[in-house]
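The values are calculated or read from the model by the stated rules, or taken from the named source; none is laboratory data. Being a predicted model, the structure only gives us computed values, none of them experimental. Here the Cβ is made from the backbone with ideal geometry for all residues, glycine too, and neighbour counts use every protein chain on show. In case anyone asks, the SASA skips ligands and DNA or RNA and just uses the protein heavy atoms, side chains included. Shrake-Rupley method; radii C 1.70, N 1.55, O 1.52, S 1.80 Å.
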Amino acid sequence: MITIRSVTITALASAVLATTLTGCQFGTAEQDTSPIVIAVDLELSGSAAPVGKAYQRALDLKVEQLNASGALGARKIKLKVKDNRSDASESLRNVDDFSNDPQVSALIMGGCNECAVGAVRTINEKKLPTVVLAPSSAVASPVADRRYVFKLAPNAVDSAAALTSELSRRSIKKAAVLNSEDSYGREGLAALRSEFAKADIRLVSDQGIKATETDVNQPVSALTDRKPGALVVWTPPEQAMLAATAAQQAKFKGALFFDAVAAGDLFLGASAGPTEQATLIFTQTMVIDDVIATTPAKAARRQWFQNYTARFGGYNGFSSFAADAVQLIADAELRAGGEPGRTGRDGRDGLRDVLETSQLDGLSGPIRMTPDNHSGLMPQALTTLVARGGRWRLAG
């Protein structure tokens with residue numbers, strides 16, 4: 001009597017043999033094992049190093065996850081990273097080197113606005129698809145002059161609209177603004193003026209500071225002396241913390257508001273006192289452990305948050321943008337490919353074309369690129385957060 005187990009083994013062996021013979025007779029499709037090489041230009045030293053290093057940690061973690069997932073088939077992502085030392089000239093040299101490397105499929109640039117804008121001509125001439133993490137609209141607009149450049153960061157107009165909406169909800173009618181004297185800071189001030197005018201909020205005073213300034217006591221004191229109902233801080237994270245401390249020392253009694261670019265670490269630590277009850281406009285990813293994972297996208301954000309905090313002991317708000325940049329490029333490379341070896345210079349135009357119509361429910365929120373808009377983060381990705389007990393929480 002033949003047992004069921006024996007029949008099963010015999011059938012399995014026959015199936016394997018048939019498959020093997022078929023492969024021998026007719027050949028099998030060639031499997032693409034070429035690496036997806038992504039160049040990275042980051043601020044790993046110099047004034048912007050804290051954010052640059054947060055980006056690097058996120059990139060390394062995301063690449064590790066994608067390579068282990070099998071989602072890329074037999075292909076693996078490889079990063080080529082260079083430090084631009086927070087200097088636009090050094091960044092341009094890096095971009096030029098990367099663009100001449102035939103192995104490089106795409107480029108990710110960090111949070112330096114001047115670096116990205118300064119590299120646009122080279123990027124376009126060398127046809128190197130580039131995802132930039134800097135927030136200035138000049139990075140990706142006008143699209144006609146930025147065909148190979150795509151932006152993943154909060155937009156000033158969206159941040160200003162969300163911030164103004166919260167001021168109106170609290171019936172705050174007078175505000176002062178401290179902004180960085182760079183392209184994004186000036187853009188933010190202009191956006192706030194426009195939104196304030198529509199909401200009948202009076203801008204009582206504004207002060208600009210250099211992005212490298214470490215003493216903000218005088219400008220903050222000048223602003224708080226005007227007794228505004230809210231002080232809006234539109235600066236990088238380190239300056240935002242300094243401004244919060246200066247406002248506390250000036251005995252400011254109004255509300256403290258931070259733009260999205262002021263986001264940094266989730267856990268505020270020793271800086272918690274000056275920022276307690278401060279409001280931040282940012283993405284939900286910063287506080288995803290407060291959010292019920294009701295969709296696959298929210299579940300993915302929660303998992304990312306847990307993995308990042310487990311690996312690095314804390315969380316940085318900017319990390320999700322870097323991770324989404326890798327995902328966008330990996331997805332676009334697979335969609336634009338189709339044949340082994342379709343990487344490097346010959347495949348860059350196809351990759352650019354796919355990036356331009358990319359849609360992703362990313363770790364940062366919904367991302368939509370179009371031929372008319374290369375700044376993909378949607379306005380609804382932004383939400384209102386409040387500092388409570390030394391960390392950021394969902395408002396409400």
Q.
I need to check one value: relative contact order of the stretch 23-107, counting alpha carbon pairs closer than 8 Å and at least 6 residues apart, in percent.
A. 44
Q. Between Q239, L189, L203, whose Cα lies farthest towards the positive end of the dipole of the chain when Lys and Arg beta carbons carry +1 and Asp and Glu beta carbons carry -1, centred on the Cα centre?
A. L203
Q | Set of aspartates and glutamates with alpha-carbon distance to K253 below 20 Å, sequence-local pairs under 8 removed | A | E166, D206, D225, E276
Q.
Please give the charge dipole size of the chain, origin at the Cα centre, charges +1 on K and R Cβ atoms and -1 on D and E Cβ atoms. Round to the nearest 20 debye.
A. 940
(Q) Over the Cα atoms of the stretch 34-131, each weighted equally, I'd like the Debye log10 I(q)/I(0) at q = 0.18, 0.22, 0.25 Å⁻¹, rounded to two decimals. (A) -0.80, -1.09, -1.27
Q: Would you grab the residues whose amide H sits under 5 Å from the one on K80? Only those 5+ places off in sequence or on another chain, please, with H modelled 1.01 Å from N.
A: I38, A39, V40
Q. Considering the chain as a Gaussian network with a 10 Å cut-off on Cα pairs, which listed residue, A156, A119, A199, attains the greatest mean-square fluctuation?
A. A199
Q) Given the pairs K82/K210; K78/K210; K198/K227, which span a C-alpha to C-alpha distance of over 31 angstrom in this model? A) K78/K210
**Q.** FRET efficiency for Q103 and A310, using Cβ-Cβ distance with R0 set to 30 Å, rounded to 0.05
**A.** 0.40
Q | Length-normalised contact order for the chain - Cα pairs under 8 Å, 6+ apart - percent | A | 17
Q) Between Q306, G337, G317, whose Cα lies farthest towards the positive end of the dipole of the chain when Lys and Arg beta carbons carry +1 and Asp and Glu beta carbons carry -1, centred on the Cα centre? A) Q306
Q. Per residue, how much accessible area does the chain have with a 1.4 Å probe, in Å²?
A. 44
(Q) At 7 Å along Cα-to-Cβ for each site, give me the label-to-label distance between R393 and Q380 in nm. (A) 2.7
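Just for the chain, what percent of DSSP beta bridges are antiparallel, to the closest 5?
The answer is about 30 percent antiparallel.
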Q | Candidates K76, K253, K298: whichever shows maximal mean-square fluctuation once the chain is modelled as a Gaussian network with Cα springs under 10 Å | A | K253
**Q.** For the stretch 239-392, the fraction of alpha-carbon pairs in successive 5 Å shells from zero, as %
**A.** 2, 9, 16, 17, 15, 13, 11, 8, 5, 3, 2, 1, 0
**Q.** Computed [θ] at 222 nm, deg cm²/dmol, the chain (DSSP H ≥ 4; -39,500 (n - 2.57); rounded to nearest 500)
**A.** -13500 deg cm²/dmol
Q) When Lys and Arg each count +1 and Asp and Glu each count -1, what net charge do the other residues less than 10 Å away from N84, Cβ to Cβ, add up to? A) -2
Q: Could you pull out every whole DSSP H run in the chain that spans at least 27 Å of Cα extent along its own axis and averages 0.5 or higher on the Kyte-Doolittle scale?
A: 4-26
(Q) Given contacts defined as C-alpha pairs under 8 Å and at least six residues apart, what's the relative contact order of the stretch 116-163, whole-number percent? (A) 37
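Using a 1.4 Å probe on the protein heavy atoms, what percent of the accessible area of the chain belongs to carbon and sulfur?
Carbon and sulfur: 52 percent of the exposed surface of the chain.
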